[in-house]
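Colleague: Before anything else, here's the structure in question.
The values are calculated or read from the model by the stated rules, or taken from the named source; none is laboratory data. Remember, it's a predicted structure, so these values are computed and weren't measured experimentally. Here the Cβ positions follow ideal geometry from the backbone for every residue, glycine too, while neighbour counts run over all protein chains shown.
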Amino acid sequence: MIHAAHTRSTLTVLALTDFADFATAPAPSPASLSETATAPATAQTFGPNVPIAQRPFTKWYRVHERVTPSDFIVEAFIIPVILLLVIFHVWGTGTNRRRAKKWMTANAPVFASEFAVVGFGGGQKQPNMDDVASQGLAKAMSSESLHVPGELLKEKTPDVFLSYATGRQNVAFVDVKLNMLKRYSPVMLLSDYVLGFFFESVPDPTEKVEVTAYAFDGREGDLVPRLGNDKPEKKNRESTYDGFIWAVVHKDKMKALRDERYDLSLTITKDNAKLPAWASVMSESAEITDMLLTPELAKAVEAAGDDFESLIVTDMPEDAPKTYVTIHTCLKCND
């Protein structure tokens, strides 16, 4: 009994002493992060404030150790193809421009002898036949007082070039269109050849020139605007003629032209002794052929040979009309 009482009193004294120490202790304060924790070694080595010269040269910088040639197999195929396409594009566009300018240089004197203005340069002096005969074609086209081929042509697309002429009696204007091969794109050019080989409806890619002259036919006031001080011309001075369809075509192109053009489908085909065997006349009347097919024209068609496709004079549209128009004629009217 005595031993138990002694033990209980000792435990009580120890408990009071512990509480006394906590009561007299100062208030806790947060410890500094710089003293209790240190930054990792990787942050100190590769941090943004560490100079590049003090950073260790690890395997990450050795590109030849991280990659192999097998990682660039896709690029090895794509880059050469891109280079070939760029080379073909530069070569094709340059070739088309040179061929178009060469054709325009050779034919500019002919256009200039027939029209007052040729090209898109306005009313500047054009090279004529006298300039070519006295100075030579190359010198005439390079003279500062004359047009250069660049002003005579306008590049619409890499395979289509345009020119323009005006200033001739009873002719409103002339549109010249040069269609070249798609040399700038070997994929498109090859697809055109393949489609033309397998499908008859798809024409083979060829280079051709289309020259279209638009006649006034009594509509000068509608096609050419008049200035305020200009007086209207007399009615009898304006061109008037009965409409007709007449053409000289290559026999190999006859079927395709009949299918494409509505006006030629209305004509009949006849051979003519003035023309070579490979050419034929498509017309509505023999009298028109005797008047239009001059010896000079027949000689020019024969000289063109297989390069000649068609010469068409028409008052009808190329496409078939979709609606009917009723025309009422008044015999008692003055107009």
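Colleague: Output yes when any residue across the range 67-76 is surrounded by 11 or more Cβ atoms within 10 Å (Cβ to Cβ) and aromatic (F, W, Y), and no when none is.
Modeller: yes
Colleague: Exactly one of these conditions fails for P56: (1) modelled with pLDDT under 80; (2) in the same structural domain as K208 (by TED's automatic domain parsing); (3) surrounded by fewer than 15 Cβ atoms within 10 Å (Cβ to Cβ); (4) not acidic (D, E). Give me its number.
Modeller: For P56, the exception is condition (2).
Colleague: Within the range 272-284, is even one residue in a helix (DSSP H, G or I) and of a type in the set (S, T, Y)? Show your work before the answer.
Modeller: Our first condition is that a residue be in a helix (DSSP H, G or I); within the range 272-284, this holds for none.
Checked against the condition, which is being in a helix (DSSP H, G or I) and of a type in the set (S, T, Y), the range 272-284 yields no hits at all.
Colleague: Among (1) surrounded by 10 or more Cβ atoms within 10 Å (Cβ to Cβ); (2) farther than 18 Å from P186 by Cα; (3) modelled with pLDDT of 90 or more; (4) not charged (D, E, K, R), there is one condition A43 misses while meeting the rest; what is its number?
Modeller: (3)
Colleague: From the list E207, E220, which residue is at pLDDT below 65 and surrounded by 14 or more Cβ atoms within 10 Å (Cβ to Cβ)?
Modeller: From the options E207, E220, the qualifying one is E220.
Colleague: Looking at A247, A256, which is the one that is at pLDDT 90 or above and either part of a loop (DSSP other than H, G, I, E, B) or of a type in the set (A, V, I, L, M, F, W, C) (or both)?
Modeller: Values: A256 fails: at pLDDT 90 or above.
Unique residue meeting the criteria: A247.
Colleague: Now for a different question. Being among the polar types (S, T, N, Q), part of a strand (DSSP E or B) and in contact with an Asp or Glu (Cβ under 9 Å, 6 or more places away or on another chain) is the filter here; which residues of the range 162-184 pass it?
Modeller: The answer is S163, N179.
Colleague: Quick one: which residue in K322, K299 is over 30 Å from the mean Cα position of the chain (by Cα), at pLDDT 85 or above and of a type in the set (K, R)?
Modeller: That would be K299, the only listed residue that is over 30 Å from the mean Cα position of the chain (by Cα), at pLDDT 85 or above and of a type in the set (K, R).
Colleague: Go through the range 267-300 and report how many residues are of a type outside the set (A, V, I, L, M), touching a helix residue (DSSP H, G or I) at 6+ places or on another chain (Cβ under 8 Å) and either within 17 Å of H250 (Cβ to Cβ) or outside the structural domain of V249 (by TED's automatic domain parsing) (or both). Don't jump to the end; show me each part of the working.
Modeller: The first filter runs over the range 267-300 and keeps only residues of a type outside the set (A, V, I, L, M), leaving 267, 269-272, 274, 276, 278, 280, 283-285, 287, 289-290, 294-296, 299.
Of the ones still in play, those that are also touching a helix residue (DSSP H, G or I) at 6+ places or on another chain (Cβ under 8 Å) are 269-270, 272, 274, 276, 278, 280, 283-284.
Remaining after also requiring either within 17 Å of H250 (Cβ to Cβ) or outside the structural domain of V249 (by TED's automatic domain parsing) (or both): 269-270, 272, 274, 276, 278, 280, 283.
Number of matching residues: 8.
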